[in-house]
Amino acid sequence: MMGMNNKDATLFLIVIVLTLLAPFILNPFPTDSAMAQFNAGYPDLMQRFVIFGIFAIGFNILFGLTGYLSFGHAAFLGVGSYSAVWIFKLFTYNVIPAIGLAVVLAGLFALLIGYVSLRRSGIYFSILTLAFAQMSFALAYSVLSNPKFNLTNGETGLQVYADDPQMFHGPNLPDLPHLFGLSMRANHQMSVGAWDFNFNVGYYVCAVIMILAFYLAIRIFRSPFGMMLRAVKSNNTRMTYTGLNARPYALAAFVISGMYAGLAGGLMASVDPLAGAERMQWTASGEVVLMTILGGAGTLIGPILGAGFIKYFENIFSKINESVLHSWFSFLPDGLEDVIVAMVYPFVGKGWHLTLGMLFMLVVIFLPGGLVEGGQRVMKLFGKKKSGSGAKEKSTQSTPAE
Amino acid sequence: MSKSNLTRRGLLKSSAVAGAGLALPTIFTASSASAYMNEPTGGSVTLGFNVPQTGPYADEGADELRAYKLAVKHLNGEGDGGMMTTFSSKALQGNGILGKKVEFVTGDTQTKSDAARASAKSMIEKDGAVMITGGSSSGVAIAVQGLCQEAGIIFMAGLTHSNDTTGKDKKANGFRHFFNAYMSGAALAPVLESQYGADRKAYHLTADYTWGWTQEESIVAATEALGWETIETVKTPLAATDFSSYIAPVLNSGADVLVLNHYGGNMINSINNAVQFGLLDKQVNGKKFEIVVPLYSRLMAQGAGEAVKGVLGSTNWHWSLQDEGSKAFVKSFGTEYGRPPSQAAHTTYCQTLLYADACERAGTFNPCGVVEALEGFEFDGLGNGPTLYRAEDHQCFKDVLVVRGKENPESEFDLLEVVEVTPRAQVEYAPDHPMFAGGNLGECNDGA
């Protein structure tokens, strides 16, 4: 179907169903129950799931296929966000031109950085990309935000003011990013019994774009071009000996993944019209590496899973505070309750990094293929059937990430 | 590899599904039934406390959170009532807000605009918070204030000192109790003149971001009005941890005062470097070399230790104040946590009380009602003397404290002594003052 083999098509359909039904799937607990703490079906987090999914899918095209580990991908995300907000400020709140410019500028920027960085491979490549990204961060954070020439608005982040020109902004359009008049923040809450489900325009716009991005990634993975990229990863030297110049392929992969990052950045600005310099920092670049490895580098679905996993931790676990814990364990006798709360507390709330770090270590040690490998093992355990997981098996690299 | 089995029926089916999927969000865009964003319907009301729990300002964040929890206790009628008993407005009954029990959710801003907005959005969208408060950096405050304006939620700013928060970035739904860089300059200038004379040469080291610039601008303007000369202003990267290379040129510049427009960890490092270079023991131009830290906090003094002795600066509030409100707050905070509150704790406690009181007086949680109740509101008894929430820019006007690092501290908390309480009239400015110009409050937004 649509140029995909059956296994990929099945996977693609699963992704479509999961993303479109996400408002139901992510809100499994009634709103007033104690478990509602774990509900993730609110617009902001759902948007983050798919946007970082796009980011990680793109990163995986570079890292999963060619093995080039870029530590500077957040720079492209930032460039995308800034260009989108500038479109909002100067021209219109419509998200289409903003996202378009975000992708184009991020692509050009990736071409520039990739052209220089790809002169080297391995750790030197990683360091070069890291250096470029930190340079971009410093530029955005202070150099390009001085009062005379304010391109990025520094620490505060670039935002839209009421007195910005916005040449094509009409009187009947919402004062927020919109898709042809349909505000990205428009939300409908559907109440079924004790459950509330949120249907958000911004989410569905991002979700449709992610599905398209995912489809494109499948096609790239299965194309002759994708095969060349894998050849770059498995043995670059031999490829050169056979008379092929590997660098244009690697550069193309770099630019494509940079454009994916720009797309994600543009979408981030579209659902929330503010671009902060922190999203270009090396921690943000590291995050997408974590997402990809956690989910399974080189697999199709892995990066999306990894992105969802990390964002869920960041947004749900970080909000469990002491009083929430006390309310959970209030059925215990007083002394015991305090002991249990004191034991659990370091791992939730502000300690969510600790929990995530431990899980990451466990995954890397016991499941080098990431969450996808975990899923495959579970599948094997039950029935030893190939159904569904076949596509993932085929694309999983047996060698762990470099 | 690619196998196409495209049939007419299959195409019809899939396009129908795709069409339904695309149409889904448009069907459901009808606005919800409530009159305004997150209208509390049950027996409780949820407030969102968004503070840095990790990162460079985590100390301030932790103290803010303590104050918020204390305020919630007092609002719900538990504890000794703290400043509710001394507050000039008596609308609060100790039965929650408008009879609804106060509940709260917390989040981590990480002192990053993006993370702070994500956290605030989840409070608004998931937890149904009707007011967001907190923050410990001007960048974060401005970013979250913008979000609250768009979403139709009230934002009560925490620790934010940049002129921009109520200047060019002011918003109708945002309110600031804390003082600002201009007020620091205006309060410090007369004290600097009386202590160090009117003929000084100043050298500025400034954290290179929004807050640093407005701070530098304000102090330069205030000191040059005294007759001081500004030798040079040098920007330092926010991420810098070693300032030796910035301090060394100061020695040969002919300057006799060093102004550190730094905050938090930056200030602790730069002042320690300056003291290590022996700046404070120098005689330049026949005068003793001095260091000024325009924005001071007890938590910073604690971090910098010995280095802050004798150093002048300004602060919003200090626990050693002897008015009724301050005494009640220090007592109540001390009983609860065994330590005196910081200025961050004080301003966030006040903000919570002010919000609750405004709801009571307005008789509603509707943001537009609350804005109306807070604009031009005059009150007393919250530790800063008579205070006005100015309607034009939603900035509080009150006395400002000039403090000095104590030479002989009696305890680990007793690090600053109040040199002067600068009266409110001296730090007031016109809403269209050039340092604050360019902004627009806009209309209040209730998110309906």
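Of the conditions (1) touching a residue at least 24 places away in the same chain (Cβ under 8 Å); (2) out of contact with any His (no Cβ under 8 Å at 6 or more places or on another chain); (3) not assigned by TED's automatic domain parsing to the domain that holds B:Thr109, B:Ser245 clears all except one; give me its number.
(1)
What number of residues within the stretch B:143-166 satisfy the criterion of being of a type in the set (S, T, N, Q) and farther than 23 Å from A:Arg279 by Cα?
The total comes to 2.
Out of (1) more than 26 Å from B:Ala115 (Cβ to Cβ); (2) more than 8 Å from chain B (Cβ to nearest Cβ), the odd one out for A:Asp163 is which?
(2)
Does A:Val341 fit the bill of being more than 13 Å from chain B (Cβ to nearest Cβ), touching a Pro at 6+ places or on another chain (Cβ under 9 Å) and assigned to a helix (DSSP H, G or I)?
The answer is no for A:Val341.
Among the numbered criteria (1) in a strand (DSSP E or B); (2) in the same structural domain as B:Cys368 (by TED's automatic domain parsing); (3) crowded, with 16+ Cβ neighbours inside 10 Å, which single criterion is violated by B:Val403?
(2)
Say whether the condition of being at pLDDT 90 or above, small (Gly, Ala, Ser), closer than 20 Å to A:Leu45 by Cα and touching a Ser or Thr at 6+ places or on another chain (Cβ under 9 Å) is met by at least one residue in the stretch A:248-261.
no
List the helices (runs of 4 or more DSSP H) inside the stretch A:199-285, counting only whole elements, that have at least 1 residues being within 14 Å of another protein chain (Cβ to nearest Cβ), in contact with a helix residue (DSSP H, G or I) (Cβ under 8 Å, 6 or more places away or on another chain) and touching a residue at least 60 places away in the same chain (Cβ under 8 Å).
Filter on the stretch A:199-285 gives A:201-222, A:224-234, A:247-271.
Does the stretch B:322-329 include one or more residues that are buried (at least 24 other Cβ atoms within 10 Å of the Cβ), at pLDDT 95 or above, under 24 Å from B:Gln53 (Cβ atoms) and out of contact with any His (no Cβ under 6 Å at 6 or more places or on another chain)?
yes
Take the conditions more than 8 Å from chain B (Cβ to nearest Cβ), within 29 Å of the chain's Cα centre (by Cα), crowded, with 16+ Cβ neighbours inside 10 Å and not small (Gly, Ala, Ser) and apply them to A:Leu182. Does it pass?
no
List the helices (runs of 4 or more DSSP H) that sit entirely inside the stretch A:1-80 and contain at least 1 residues that are touching a residue at least 12 places away in the same chain (Cβ under 8 Å) and touching an Asp or Glu at 6+ places or on another chain (Cβ under 8 Å).
Answer list for the stretch A:1-80: A:43-60.
Taking the residues in the stretch B:80-95 that are surrounded by fewer than 18 Cβ atoms within 10 Å (Cβ to Cβ) and not acidic (Asp, Glu) as candidates, determine which candidate is nearest to B:Arg361 (Cα to Cα).
Residue satisfying both the conditions and the ranking: B:Ala91.
With respect to A:Thr31, determine if the residue is of a type in the set (Ser, Thr, Tyr) and touching a Gly at 6+ places or on another chain (Cβ under 7 Å).
For A:Thr31, the condition - of a type in the set (Ser, Thr, Tyr) and touching a Gly at 6+ places or on another chain (Cβ under 7 Å) - is not met.
Of the residues that make up the stretch B:110-129, is at least one under 20 Å from B:Asn38 (Cβ atoms) and among the hydroxyl-bearing types (Ser, Thr, Tyr)?
Yes, because at least one residue in the stretch B:110-129 is under 20 Å from B:Asn38 (Cβ atoms) and among the hydroxyl-bearing types (Ser, Thr, Tyr).
Count, please, the residues in the stretch B:346-375 that happen to be hydrophobic (A, V, I, L, M, F, W, C), out of contact with any strand residue (DSSP E or B) (no Cβ under 9 Å at 6 or more places or on another chain) and in contact (Cβ under 8 Å) with a residue 60 or more places away in the chain.
The total comes to 2.
How about the stretch A:117-175: which of its residues are among the polar types (S, T, N, Q), in a loop (DSSP other than H, G, I, E, B) and within 29 Å of the chain's Cα centre (by Cα)?
If the condition is that a residue be among the polar types (S, T, N, Q), in a loop (DSSP other than H, G, I, E, B) and within 29 Å of the chain's Cα centre (by Cα), then A:Ser121, A:Thr152, A:Asn153, A:Thr156 are the ones that fit.
Could you tell me which of the residues B:Ile97, B:Ile142 is at the interface with chain A (Cβ under 8 Å from one of its Cβ atoms), in contact with an Asp or Glu (Cβ under 8 Å, 6 or more places away or on another chain) and either of a type outside the set (Gly, Ala, Ser) or at positive phi (or both)?
Just a single option satisfies the conditions, and that option is B:Ile142.
Inspect all residues belonging to the stretch A:183-197 and state whether any of them is of a type outside the set (Gly, Ala, Ser), modelled with pLDDT of 85 or more and in contact with a His (Cβ under 8 Å, 6 or more places away or on another chain).
yes
Report yes if some residue within the stretch B:123-137 is at the interface with chain A (Cβ under 7 Å from one of its Cβ atoms) and surrounded by 24 or more Cβ atoms within 10 Å (Cβ to Cβ); otherwise report no.
Yes: the stretch B:123-137 contains one or more residues that are at the interface with chain A (Cβ under 7 Å from one of its Cβ atoms) and surrounded by 24 or more Cβ atoms within 10 Å (Cβ to Cβ).
How do the pairs read when you match residues in the stretch B:253-271 that are more than 17 Å from B:Asp208 (Cα to Cα) with residues anywhere that are of a type in the set (Val, Ile, Thr) and buried (at least 21 other Cβ atoms within 10 Å of the Cβ), using Cβ under 8 Å and keeping only pairs 6 or more apart or on different chains?
Here the result reads B:Val257/B:Ile291; B:Val257/B:Val292, each pair linking the stretch B:253-271 to a residue that is of a type in the set (Val, Ile, Thr) and buried (at least 21 other Cβ atoms within 10 Å of the Cβ).
The values are calculated or read from the model by the stated rules, or taken from the named source; none is laboratory data. Computed from a prediction, not measured in an experiment: that's the story for all the values here. All Cβ positions, even for glycine, are placed from backbone atoms using ideal geometry, and neighbour counts span all protein chains on display.
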